[in-house]
Amino acid sequence: MPHLVLAYHAANVTGNDYASNDHLALAADLRTIVDAGWRLAPLQEVVEKGLGGLGNERLVALTCDDGISLDYHDFDHPSFGPQPSLRRIVSEFAEAHPQHDVELSCFVIASPEAREQLDRKDFMSLGLWPDQWWAEANMSGRLRIENHSWDHNHPSVDPTAQREQSKGRFEPIDTFAECEAEVAQAQDYIAERSGRRPRYFAYPWGQSSDYLRGEYLPENAQRLGLAAAFSCEPGLIVAGSDPWMLPRAVCGEHWRSGDELRALLAGFG
Ligand SMILES: [Zn+2]
């Protein structure tokens, strides 16, 4: 049976309709998913049953990327008004749908310096990138903090771990030292700050070098405590999927409306 992972970005708020606001999209999508006969399940269950070829249900896991505080905290947006956190949206849905085991896995940027620079340069110094909420999130039973790299090799971060400061894509992370800085260092920091060692990695922009995906992660998985990594390519997790290149469909990229999500689910289901 099909096993699917969806991705959202709490920072995607440029308006108050589905196409311009991932909070509104997620709230609508939860109803679409269950109405289409899929069951919401934790990421670990979806990955393990998918890779094992197990189960007789259509399962969907929810993820979000980058680790902005709107994942966890409600926010009064300066242009678009009150925005419920992704946590509030999934928690309220979960309370109304006890037959679903709803979790949200949050892939966060680890480096405090990177988050400070992103906040200052790209988010008007609104203070949206703290990490105090990570431990509370892990203890909530509803959210899991996972690894989205040390600095995202993001163009707004200076310097990044990339040896030649080739930024804006993640394929240039392709040596052992760079992978240690981007993955291992982030594992350790997130484990310390969140109280739990991440189990999954999401490649920034879904991109990975052959070395990171094919050598570094498989060879160091046990030491790192990682079990799999996610791309941003839509698809189902099946027996035989590469655990270091698991598919994931992204809201706003692979579907942009409730109808498009229904079509995507029908295509996979
Ligand atoms: Zn990202």
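Read the figures in this text as sums done on the coordinates, not as results from a lab. Quick caveat, the model's predicted, so the values are computed rather than measured. Here the Cβ is made from the backbone with ideal geometry for all residues, glycine too, and neighbour counts use every protein chain on show.
Roughly how far apart, in whole Å, are the Cα centres of the stretch 68-147 and the stretch 159-202?
If you average the Cα positions of each part, the centres end up 20 Å apart.
Between Asp188 and Glu92, what length in nm is gained on full extension when 0.36 nm per residue of separation is reduced by their alpha carbon distance? Before the final figure, lay out each step's value.
Numbers: separation 96, 0.36 × 96 = 34.56 nm, distance 3.18 nm.
The Asp188-Glu92 span can extend by a further 31.4 nm.
Positive end of the charge dipole of the chain (Lys, Arg +1 and Asp, Glu -1 on Cβ, about the Cα centre): tell me which of Ala36, Gly267, His77 has its Cα farthest that way.
Towards the positive end, the residue furthest out is Ala36.
Just to be sure I understand: of the beta bridges DSSP finds with both ends in the chain, what percent are antiparallel, rounded to 5?
Numbers: 4 of 30 bridges.
For the chain, the DSSP antiparallel bridge percentage is about 15.
List the residues of the stretch 252-267 whose backbone N lies under 19 Å from a point placed 7 Å from the Cα of Asp17 along the Cα-to-Cβ direction.
Only 252-262 pass the distance filter.
How large is the dipole of the chain about the Cα centre if only Lys and Arg carry +1 and Asp and Glu carry -1, each at its Cβ, rounded to the nearest 20 debye? List each step's numbers first, then the result.
Details: 23 positive and 41 negative charges, 100 e Å.
Computed charge dipole of the chain: roughly 480 debye.
Rg(Cα) of the chain divided by 2.2 N^0.38 Å?
Taking N as the residue count of the chain, the ratio is 0.95.
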